[in-house]
Amino acid sequence: MLQLYGHPFSSYTWKALIAFYANEIPFEFRMVDPDHPENSQKVADHSPLGKFPLLEDGDRWVFEATSIIDYLALHFPGASGLLPSDPDAAVTTRMIDRVFDNYVMTPMTDIVAEHMRSPGMPDPATEGRARAVLDRSYVWLDRWLEGYSAGDSVTLIECAAAPSLFYADWAFPIPSSCERLRQWRAHLLSLAPVARCVDDARPYRAWFPPGAPDRD
Ligand SMILES: N[C@@H](CCC(=O)N[C@@H](CS)C(=O)NCC(=O)O)C(=O)O
């Protein structure tokens, strides 16, 4: 049985979980929290910086959410083609995955980290830099969506987009000028594998350092 180490409130854990749920792949969830030090130890031992999600498959360990999804697509294919079978189309899918990790998830995490460092008094310059990246990413993504046929299928793109846009919009709301992106975020949250992650994370919302809005 596959073991997935992570936490239900963790954005990168969602990214992997969405792929599991979309293809109904059986697995055991290993909670990484202070109540389960044995799981934290596995993560410390098998992930370079002790980050999660981490996948255990027998004697094989896979870290990095994108790589976990690659692994699932290869070894546990299901109804949702997580990656296009055409290698050239797969390059584009992986490229957009990088956009969400690097230019949405990272600045969102920077805002969260700043609020953890200085609760209630984040450094405006640090927060401003992260917001500027998000601002630019939102505009780019809104334009990119013009050519993206977003449907109900779940690929690596949806796995990356749903958690990053979910939390980024909490940290720095997507402006009304990016209506296409706002609508796509709402659509992503309505997909069953994503809705399951949103629901499982509800008990932890008070943990969101900048403060979770009363929505979603
Ligand atoms: N590049 C990694 C990032 C993973 C990551 O940042 N995970 C966070 C949780 S969302 C984490 O492990 N935080 C705990 C820590 O850094 O100690 C991936 O794609 O999986």
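Every read-out reported here was derived from the displayed coordinates using simple, explicitly stated rules and does not represent laboratory data. Because the structure is predicted, anything quoted here is derived from the model rather than measured. Methodologically, a virtual Cβ is constructed for each residue, glycine included, from the backbone with ideal geometry; neighbour enumeration extends over all protein chains shown.
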Karplus ³J(HN,Hα) for segment 50-66 (6.51 cos²θ - 1.76 cosθ + 1.60, θ = phi - 60°; Hz, whole; x = Gly/Pro) runs x, 9, 10, x, 9, 10, 10, 10, x, 9, 9, 10, 10, 10, 6, 3, 4
If you take the charge dipole of the chain about its Cα centre, with +1 on Lys and Arg Cβ and -1 on Asp and Glu Cβ, which of TYR167, ALA186, PRO213 is farthest toward its positive end? PRO213
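Net charge within 10 Å of MET1 by Cβ-Cβ distance, Lys/Arg positive one each and Asp/Glu negative one each, not counting MET1 itself?
Values: positive: none; negative: GLU28, GLU56, ASP57.
That sum, taken over residues with Cβ under 10 Å, equals -3.
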At 7 Å along Cα-to-Cβ for each site, give me the label-to-label distance between HIS75 and ASP135 in nm. 4.5
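Could you tally the net charge around TRP61, taking each other residue with its Cβ under 10 Å from the Cβ of TRP61, Lys/Arg +1 and Asp/Glu -1?
Details: positive: LYS42, ARG60; negative: ASP45, GLU56, ASP57, ASP59.
Neighbour charge sum, excluding TRP61 itself: -2.
Assigning unit charges at the beta carbon (Lys, Arg +1; Asp, Glu -1) and nothing else, what dipole magnitude in debye, to the nearest 20, does segment 87-200 show about its Cα centre? Walk me through the intermediate numbers first.
Values: 11 positive and 16 negative charges, 33 e Å.
That gives segment 87-200 a dipole magnitude of about 160 debye.
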For a label point 7 Å from the Cα of ILE25 along Cα→C-beta, name the residues of segment 143-174 whose backbone N is under 15 Å from it. 154-160
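Let a ≥ b ≥ c be the square roots of the eigenvalues of the Cα gyration tensor of the chain; is it rounded (a/c under 1.5), or, if not, prolate (a/b larger than b/c) or oblate? Present the calculation step by step, with values, prior to reporting the outcome.
Working: a/c = 1.72, a/b = 1.12, b/c = 1.53.
Oblate.
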Between segment 1-66 and segment 202-216, what's the alpha-carbon centroid distance in Å? 22
Diffing segment 142-147: the Karplus 3J(HN,Hα) column from phi (6.51, -1.76, 1.60, θ = phi - 60°), in whole Hz with x for Gly and Pro, holds 4, 6, 4, 5, 3, x
Decide, for segment 87-200, between rounded, prolate and oblate: order the square roots of the alpha carbon gyration tensor eigenvalues as a ≥ b ≥ c, take rounded if a/c falls under 1.5, and otherwise choose prolate if a/b is larger than b/c, else oblate. prolate
Pop out the ³J(HN,Hα) list for segment 176-191 in order, Karplus 6.51 cos²θ - 1.76 cosθ + 1.60 with θ = phi - 60°, rounded to Hz; leave Gly and Pro as x. 5, 5, 9, 4, 4, 5, 4, 5, 5, 4, 4, 5, 4, 5, 8, 5
Sequence of ILE174, ILE18, ILE69, ILE25 once ranked by neighbouring C-beta atoms within 10 Å, starting from the fewest: ILE25, ILE174, ILE69, ILE18
Under a point-charge model restricted to the Cβ atoms of Lys and Arg (+1) and Asp and Glu (-1), what is the dipole moment magnitude of segment 2-75 relative to its Cα centre, in debye to the nearest 20? 200
